[in-house]
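Beneath this line is the structure, given in structure tokens, with notes to follow.
The values are calculated or read from the model by the stated rules, or taken from the named source; none is laboratory data. Small disclaimer: the values here were computed from a predicted structure and weren't measured. FYI the Cβ positions are ideal-geometry reconstructions off the backbone, even for glycines, and counts take in every protein chain you see. Just the protein is used for accessible areas: all its heavy atoms, side chains included, with ligands, DNA and RNA removed. Shrake-Rupley method; radii C 1.70, N 1.55, O 1.52, S 1.80 Å.
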Amino acid sequence: MNLTKDVRAEILIQALPYIQKYKDKIIVVKYGGNAMLNDELKEAVMGDIALLSLIGIKVVLVHGGGPEITEMLGKIGKKSEFVNGLRVTDKESVDIVQMVLAGKVNKNLVNLLENKGAKSIGLCGIDGHMIKAQKVDERLGFVGEVTEVNVEPILDVLEKGYIPVVSTVGYDDENNVYNINADTAASRLAGELKAESLISMTDIVGLLRDKDDPKTLIPKVYVSDAPQLIRDGIISGGMIPKVNCCIEAIRRGVHKVFIIDGRIPHSILIEVLTDEGVGTMFVA
């Protein structure tokens, strides 16, 4: 992209008030979907997060890793089953979930961030007993519902100038490990951290009045309007639990929640540092 010096200067000037606004504030980024599968997009996302950290914004990266889990389960001959969008997770599967999320995926993201010049440390919900959980439903096995969170490990890492990279596995007092939905975990952590913003990266452009027409993007939604949007069918299917997580974060003290399209390069920077934005913003 060839930009004139004047245009480059204008972009930087436009970003300045947003940099000032977010400096020393906490932003939680929930990272998943196709942005995790495409290497070029992954590089762009990690570069964006590194940049935000380097200009003084406290970024917490919360990630899933569903496709990698499915791939690894396939290698040991296990077929992935889902109920209402949640992976059925037996004892053997939860060991794979822990290995893939807290191991391979988490450390790969830490490595990418470090190579972009940002200090980062990988954590999982078991570390520091960060995410306590219980079974959502016996039929799902070790799929966890968050019961308690302890954000002290995240705050300690942020205070030292590192980006916490959190994989969403949880624990209970019987030494069980749980697979936690990344949207749910990010929402709860953002609320407990009293984050300025939660950014949920998805594979859609945001909330649409007409799901087949990207031009019908709804840029701003008040939490009080969400029930009517559900009744009207504008929020439906898999978007209902995602939107419920957005609402939960707002109710727990997060100022703004964004659903953005992770397939758009640098969508995080566009949302955080420009006037335009690229997705749907939820506010109280």
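Only one of N38, N84 is out of contact with any His (no Cβ under 8 Å at 6 or more places or on another chain), under 24 Å from I199 (Cα atoms) and open to solvent by 90 Å² or more (accessible area, probe 1.4 Å). Can you tell me which?
Residue meeting the stated conditions: N84.
Between residues in region 242-253 that are within 15 Å of M201 (Cα to Cα) and touching a residue at least 60 places away in the same chain (Cβ under 8 Å) and residues that are aromatic (F, W, Y) and in a loop (DSSP other than H, G, I, E, B), which pairs lie under 9 Å by C-beta distance while being six or more apart or on different chains?
As it stands, the answer is none, since no pair meets every condition given.
Among the residues of region 128-172, write down those that are open to solvent by less than 60 Å² (accessible area, probe 1.4 Å) and of a type in the set (D, E).
Across region 128-172, the qualifying residues are D137, D172.
Of (1) at negative phi; (2) surrounded by fewer than 22 Cβ atoms within 10 Å (Cβ to Cβ), C246 satisfies all except one. Which?
Of (1) at negative phi; (2) surrounded by fewer than 22 Cβ atoms within 10 Å (Cβ to Cβ), only one is false for C246: (2).
Does any residue of region 199-209 turn out to be modelled with pLDDT of 95 or more, open to solvent by less than 20 Å² (accessible area, probe 1.4 Å), closer than 16 Å to K242 by Cα and in contact with a Cys (Cβ under 9 Å, 6 or more places away or on another chain)?
The answer is no, given that none of the residues of region 199-209 is modelled with pLDDT of 95 or more, open to solvent by less than 20 Å² (accessible area, probe 1.4 Å), closer than 16 Å to K242 by Cα and in contact with a Cys (Cβ under 9 Å, 6 or more places away or on another chain).
So, I240, is that one over 30 Å from I126 (Cα atoms) and open to solvent by 10 Å² or more (accessible area, probe 1.4 Å) or not?
So I240 does not fit the description; no.
For a quick check of your reading of the model, give me the residue pairs whose first member lies in region 156-174 and is closer than 18 Å to V29 by Cα, whose second is assigned to a loop (DSSP other than H, G, I, E, B) and open to solvent by 40 Å² or more (accessible area, probe 1.4 Å), with beta-carbon atoms closer than 9 Å and at least 6 apart or on different chains.
As it stands, the answer is G161/K119; Y162/K119; I163/K119; T168/N181; V169/I126, since those pairs meet every condition given.
Return the pair list, or none, for Cβ contacts closer than 7 Å from residues in region 96-121 that are at positive phi to residues that are surrounded by 17 or more Cβ atoms within 10 Å (Cβ to Cβ) and assigned to a helix (DSSP H, G or I), at least 6 apart or on different chains.
Within 7 Å, the pairs are G117/A50.
How many residues does region 262-284 contain that are farther than 19 Å from K242 by Cα, open to solvent by 10 Å² or more (accessible area, probe 1.4 Å) and in a helix (DSSP H, G or I)?
Qualifying residue count for the region: 3.
Restrict the check to region 182-194 and report whether at least one residue is over 17 Å from A35 (Cβ atoms) and β-branched (V, I, T).
yes
When only residues in region 66-82 that are part of a loop (DSSP other than H, G, I, E, B) and touching a Lys or Arg at 6+ places or on another chain (Cβ under 8 Å) count, which is farthest from G238 (Cα to Cα)?
Step one: filter region 66-82 for residues part of a loop (DSSP other than H, G, I, E, B), giving 76-81.
So of that shortlist, the ones also touching a Lys or Arg at 6+ places or on another chain (Cβ under 8 Å) come out as 80-81.
Working: S80: 18, E81: 16 Å.
Checked region 66-82; the qualifying residue farthest from G238 (Cα to Cα) is S80.
Quick check on region 7-24: of everything there that is among the basic types (K, R) and either assigned to a helix (DSSP H, G or I) or at pLDDT below 85 (or both), which residue is surrounded by the fewest Cβ atoms within 10 Å (Cβ to Cβ)?
So, considering only residues that are among the basic types (K, R) and either assigned to a helix (DSSP H, G or I) or at pLDDT below 85 (or both), the one surrounded by the fewest Cβ atoms within 10 Å (Cβ to Cβ) is R8.
Inspect region 61-77 for any residue being closer than 24 Å to D137 by Cα, modelled with pLDDT of 95 or more, buried (at least 22 other Cβ atoms within 10 Å of the Cβ) and under 21 Å from the mean Cα position of the chain (by Cα) and give the result as yes or no.
There is at least one residue in region 61-77 that is closer than 24 Å to D137 by Cα, modelled with pLDDT of 95 or more, buried (at least 22 other Cβ atoms within 10 Å of the Cβ) and under 21 Å from the mean Cα position of the chain (by Cα).
Check whether at least one residue in region 211-218 is assigned to a helix (DSSP H, G or I), modelled with pLDDT of 90 or more and of a type outside the set (V, I, T), and report yes or no.
no
Answer yes if at least one residue in region 117-124 is within 24 Å of M46 (Cβ to Cβ), open to solvent by 60 Å² or more (accessible area, probe 1.4 Å), over 16 Å from the mean Cα position of the chain (by Cα) and modelled with pLDDT of 95 or more, and no otherwise.
yes
Tell me the residue from I180, I259, I268 that is over 29 Å from Q14 (Cα atoms), in contact with a strand residue (DSSP E or B) (Cβ under 7 Å, 6 or more places away or on another chain) and touching a residue at least 40 places away in the same chain (Cβ under 8 Å), please. Let's see the steps before the verdict.
Working: I259 fails: over 29 Å from Q14 (Cα atoms); I268 fails: over 29 Å from Q14 (Cα atoms).
After applying the criteria, what remains is I180.
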